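Read the structure below first, then the notes.
Read-outs: derived from the displayed coordinates by stated rules, not from any lab. Please read these numbers as outputs of a predicted model, since none were measured by experiment. Cβ placement follows ideal geometry from the backbone for every residue including glycine, while neighbour counts extend to all protein chains displayed.
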Amino acid sequence: LWNTTGTIVAGQGGQDKGFNQLNEPVGLFLTSASTLYIAEYANHRVQRCYQGSSNCTTVAGSSSGIIGSGQSYLYRPLNIYVTTNETIYISNYGNNRVQKWDSAASSGTTFTTLSGLRFLWSDQSTTYLYVTDAINAVVRQYLSIGGANQIVAGQTGGGNQILFPYGVYLNSLSNQLYVSDLSKHVVIKFNSGNVTGEFIAGTAGTSGSQANQLNGPTGLRLDQYGNLYVADRY
């Protein structure tokens, strides 16, 4: 059973820009070595926090929280994915682009531009990158080496199940894609090769606080046993 009392592992110094401080942490990524990466929406940076340390290090963006559109800056990062070689893919929401930031680099490169981007995820081999496009109500799949993308969930214009895709997660074992819909208040599962899915959590079109309802779901993950965890925003 889960312990209902949590432990602070980052951000003990109040809401500011110090190494032990955070300001609107939105996206989290935990590596197999238990290193925590945090996308700070209001500080416009990505922090790396080693297990057991109360201080974090800025690994992408400005450590002092400076906003910018240049390759060394971020603007309202929402979500991150970290590869085994510590390359970071960043959903840089304010600049309408996905930034690729290599390990120890002082600046990133633009992987793709997308005005409707929200969250992103990758497969275990980092062959593909999956990005939710909220404006067009679809999930896009990109080759990690770059190039054109294809729609793997939903249909352009919002006419087929997805209304406002936000979170995305790929089960690499089953190759099934899980998408949270912020406006429909549901989680939808898509089988490989099928742009239509099935509702597996929440009640479509109805928000609420009951056990079978969601209200603005965002981030989601599966554990090794197939249990689904959903961040219910409202």
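Expected output is a single nm value to one decimal: the length gained when fully extending between Asn175 and Gln155, i.e. 0.36 nm times separation in residues minus the C-alpha distance. What is it? Walk me through the numbers before you get to the answer.
Details: separation 20, 0.36 × 20 = 7.20 nm, distance 1.95 nm.
Going from the current span to full extension adds 5.3 nm.
What does the net charge come to around Gly147 if you take all other residues with beta carbon closer than 14 Å to its beta carbon, with K and R at +1 and D and E at -1?
Details: positive: Lys100, Arg140; negative: none.
Net charge around Gly147: +2.
A crude spin-label estimate for the pair Ser183 and Gln224, with each label 7 Å from Cα along the Cβ direction, gives 4.0 nm.
So how much slack lies between Glu86 and Ser69, counting 0.36 nm per residue of separation and subtracting their Cα-Cα distance, in nm? Walk me through the numbers before you get to the answer.
Working: separation 17, 0.36 × 17 = 6.12 nm, distance 2.28 nm.
Answer, rounded to one decimal: 3.8 nm.
Can you tally the net charge around Ser91? Count Lys and Arg as +1, Asp and Glu as -1, for every other residue whose Cβ sits under 10 Å from the Cβ of Ser91. Result for the local shell: +3.
A simple count of charges around Val187, restricted to other residues whose Cβ falls under 12 Å of its Cβ and scoring Lys, Arg +1 and Asp, Glu -1, yields 0. For the pair Ser54 and Leu28 in one chain, pulling the backbone fully straight at 0.36 nm per residue adds 7.8 nm over the alpha carbon distance. Using the Cβ-Cβ distance between Thr196 and Thr110 with R0 set to 35 Å, the FRET efficiency works out to roughly 0.65. Considering only C-alpha atoms, what is the centroid distance from segment 82-113 to segment 148-212, in Å? After rounding, the separation between the Cα centres reads 25 Å. For the pair Arg233 and Val9, label points projected 7 Å from Cα toward Cβ lie 2.4 nm apart.
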